[in-house]
Amino acid sequence: MGSVLISEVGPRDGLQNCKAVMPTADKVRWIRAMAAAGVKEIEIGSFVSPKLLPQMADTGEVLAEAVTIPGLTVAVLVPNLKGAEAAIAGGAHKITLPMSVSETHSLRNIRKTHAEVIAEAKVIADRLAELPEGRRPHFEGSLSTAFGCTLEGPVAEAKVLACAEALMAAGCDEVGLADTTGYGDPASVRRLIRAVRGAVGAGALTGVHFHNTRGLGLANVLAAHEEGITTFDSSLGGLGGCPTAPGASGNVVTEDLVFMFEAMGIETGIDLEALMATRAMVAEALPGEELYGFTPRAGLPLGFRGMPAPAPAG
Ligand code: ZN
């Protein structure tokens with residue numbers, strides 16, 4: 001049976017790709033509602049230039065609210081030490097530095113070569129090492145465009161492994177595999193997970209981040225789960241994409257992902273009805289933005305028994 005961790009990335013990956021900017025109060029309300037539905041980890045935003053991504057300009061304020069939610073692991077994305085400092089100051093539990101295996105995409109996305117990303121990972125890791133144990137956020141290097149790039153095309157496995165090894169050597173706690181562009185398939189997912197784990201150890205790769213661009217998101221998740229992966233990124237309503245990877249579209253839909261695992265008897269700890277109810281908040285705060293997902297449209301099967309709602313914390 002077992003359990004998995006669903007890491008909701010809608011407030012970051014999702015909202016950064018929406019034309020409209022969700023007001024801070026709506027972001028906080030939505031994050032609180034998802035946490036109340038049993039979501040245990042949420043990437044609440046990214047500390048990037050508000051000129052580049054005005055949708056993320058209020059990440060500091062959102063972080064300040066999110067860290068007050070009992071039991072929630074609050075994650076943020078940072079492109080550099082400056083972002084990491086803001087995340088540390090705000091009390092984030094987890095910080096993710098994206099490293100695009102496609103150097104073309106890396107330059108477009110965070111304006112850094114591979115050597116510069118690794119140098120940044122090192123200064124962030126050194127900074128984190130200065131913090132006392134209990135206040136040190138978990139540090140993940142995310143290998144984006146690991147399955148292919150809309151700018152460069154195929155991405156060589158050897159490059160993925162070299163990036164993974166370099167991130168771990170720089171001091172990351174672990175690496176994540178991200179199919180930013182939706183090029184992956186279950187066979188390549190299995191192959192790459194085995195190869196990366198072979199290179200950096202199984203304990204250094206526990207999470208994956210898939211987009212549903214070609215409809216293979218859930219198939220890829222299942223393949224990754226069968227390889228022993230336990231943390232899965234997804235976004236409510238399948239919001240998401242990448243503003244600097246043309247043609248990339250939304251993440252795996254959280255509602256469908258939770259449905260799949262719960263139907264299989266694998267615990268997510270999430271109350272699916274309560275989670276689906278939070279779609280109305282997004283629809284209201286982002287008028288005109290399309291929300292995806294089969295389960296929310298079809299409803300739960302008659303007699304479906306997902307996990308009971310979590311006991312209120314505190
Ligand atoms: Zn993504």
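The values are calculated or read from the model by the stated rules, or taken from the named source; none is laboratory data. Owing to the predicted nature of the structure, the values given are computational and were not obtained by experimental measurement. Neighbour counts are summed over all protein chains in view; Cβ atoms, including those assigned to glycine, are modelled from backbone coordinates with ideal geometry. Accessible surface areas use protein heavy atoms only, side chains included; no ligands, DNA or RNA. Shrake-Rupley method; radii C 1.70, N 1.55, O 1.52, S 1.80 Å.
The table below gives the values:
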read-out	value
Options G14, G45, G83: the member that is closer than 27 Å to D179 by Cβ and modelled with pLDDT under 95	G14
Number of the condition not met by A87 [criteria: (1) open to solvent by less than 30 Å² (accessible area, probe 1.4 Å); (2) outside any helix (DSSP H, G or I)]	(2)
First in segment 81-100 and without any contact (Cβ under 8 Å) to a residue 24 or more places away in the chain, second anywhere and open to solvent by 10 Å² or more (accessible area, probe 1.4 Å) and of a type outside the set (D, E, K, R), Cβ under 9 Å, 6 or more apart	A89/G60
A64 being in contact with a Phe, Trp or Tyr (Cβ under 6 Å, 6 or more places away or on another chain) and open to solvent by 20 Å² or more (accessible area, probe 1.4 Å)	no
So V74, is it assigned to a loop (DSSP other than H, G, I, E, B) and either modelled with pLDDT of 95 or more or over 23 Å from C172 (Cα atoms) (or both)	no
A219 vs. criteria away from the ligand (no atom under 12 Å from the Cβ), open to solvent by 10 Å² or more (accessible area, probe 1.4 Å) and over 18 Å from the mean Cα position of the chain (by Cα)	no
Residue count for segment 280-298, restricted to those that are open to solvent by less than 100 Å² (accessible area, probe 1.4 Å), within 24 Å of E262 (Cα to Cα) and assigned to a loop (DSSP other than H, G, I, E, B)	2
Residue in segment 38-49 that is in a loop (DSSP other than H, G, I, E, B), open to solvent by 10 Å² or more (accessible area, probe 1.4 Å), within 18 Å of N17 (Cβ to Cβ) and free of Cβ contacts under 8 Å to residues at least 24 places away in the same chain present	yes
Failed item, numbered, when M168 is tested on (1) within 30 Å of R305 (Cα to Cα); (2) modelled with pLDDT of 95 or more; (3) open to solvent by 20 Å² or more (accessible area, probe 1.4 Å)	(1)
Residue ID - modelled with the lowest pLDDT, chosen from residues in segment 185-239 that are outside any helix (DSSP H, G or I) and of a type in the set (A, V, I, L, M, F, W, C)	L239
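For (1) away from the ligand (no atom under 15 Å from the Cβ); (2) farther than 23 Å from H138 by Cβ; (3) among the charged types (D, E, K, R), each residue gets a yes or a no:
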residue: Q16; (1), (2), (3): no, no, no
residue: V21; (1), (2), (3): yes, yes, no
residue: D26; (1), (2), (3): yes, yes, yes
residue: R29; (1), (2), (3): yes, yes, yes
residue: V39; (1), (2), (3): yes, no, no
residue: I42; (1), (2), (3): no, no, no
residue: G45; (1), (2), (3): no, no, no
